[in-house]
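The values are calculated or read from the model by the stated rules, or taken from the named source; none is laboratory data. Keep in mind that this is a model prediction, so the values were computed, not measured. Here the Cβ positions follow ideal geometry from the backbone for every residue, glycine too, while neighbour counts run over all protein chains shown. Just so you know, the surface numbers come from the protein's heavy atoms only, side chains and all, with ligands and any DNA or RNA stripped out. Shrake-Rupley method; radii C 1.70, N 1.55, O 1.52, S 1.80 Å.
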Amino acid sequence: MSAHRTLILLRHAKSDYPPGAADHDRPLAPRGVREAGLAGDWLRSHAPAIDAVLCSTATRTRQTYDRTALTAPVRYVDDLYDATPGTVIATINTVADDVGTLLVIGHEPAMSSVALGLAGPGTDAAAAQRISEKCPTSGIAVLQVGGSWADVQLGSAALVGFHVPR
């Protein structure tokens, strides 16, 4: 297995705000349903095949994964909801080394903070600038990781791309 891995961070698609719904239970808005499908299309066309998914337990992140129509095994992780960047990285550190491409579906501000925090040598400055300005719903950050998932830490990856499917 190659020591080079791909980490993809996906902010959930646009959510709705139904009256009385707790934040954790908010579903996707119609625009979010469409954009999650576009995110899946983009990932199939531009990213390596995804081997595993870590997904927040929130309704909108679960629905985002469902609407991407990706088929990789998914692990729903309570700690990815309302997570700090450190919690997201610690969760990534638990992934087995037989996973070559990992997709993490989560929330702001954690997704942009993790992308920018991991960005080290080889980072695309324009992608980093775009993420630092705004990581909109369905934003996809692509990072290259050398070595083991257990070794992922601040500054240890190259942020190589950022795409917002619309």
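See the values below:
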{"quantity": "S148 being open to solvent by 20 Å² or more (accessible area, probe 1.4 Å), touching a Gly at 6+ places or on another chain (Cβ under 7 Å) and modelled with pLDDT of 95 or more", "calculated": "no"}
{"quantity": "Matching residues in the range 109-166 - criterion: being of a type in the set (F, W, Y) and in a helix (DSSP H, G or I)", "calculated": "W149"}
{"quantity": "Matching option when the condition is part of a helix (DSSP H, G or I), in contact (Cβ under 8 Å) with a residue 24 or more places away in the chain, open to solvent by 80 Å² or more (accessible area, probe 1.4 Å) and of a type in the set (D, E, K, R), among R67, R62, R31", "calculated": "R67"}
{"quantity": "The one condition in (1) open to solvent by 40 Å² or more (accessible area, probe 1.4 Å); (2) over 19 Å from P27 (Cα atoms); (3) in contact with a strand residue (DSSP E or B) (Cβ under 8 Å, 6 or more places away or on another chain); (4) touching a residue at least 40 places away in the same chain (Cβ under 8 Å) that T94 fails to fulfil", "calculated": "(3)"}
{"quantity": "Residue match in the range 14-25 (condition: more than 14 Å from I140 (Cα to Cα), assigned to a helix (DSSP H, G or I) and open to solvent by less than 20 Å² (accessible area, probe 1.4 Å))", "calculated": "no"}
{"quantity": "Count of residues meeting criterion [open to solvent by less than 40 Å² (accessible area, probe 1.4 Å), more than 15 Å from L9 (Cβ to Cβ) and in contact with a strand residue (DSSP E or B) (Cβ under 7 Å, 6 or more places away or on another chain)] in the range 44-59", "calculated": "1"}
{"quantity": "Complete set of residues in the range 123-150 that are more than 17 Å from A47 (Cβ to Cβ) and without any contact (Cβ under 8 Å) to a residue 40 or more places away in the chain", "calculated": "T123, A125, A126, A128, Q129, R130, S132, E133, K134"}
{"quantity": "Residue list for the range 71-83, filter: touching a residue at least 24 places away in the same chain (Cβ under 8 Å) and crowded, with 17+ Cβ neighbours inside 10 Å", "calculated": "L80, Y81, A83"}
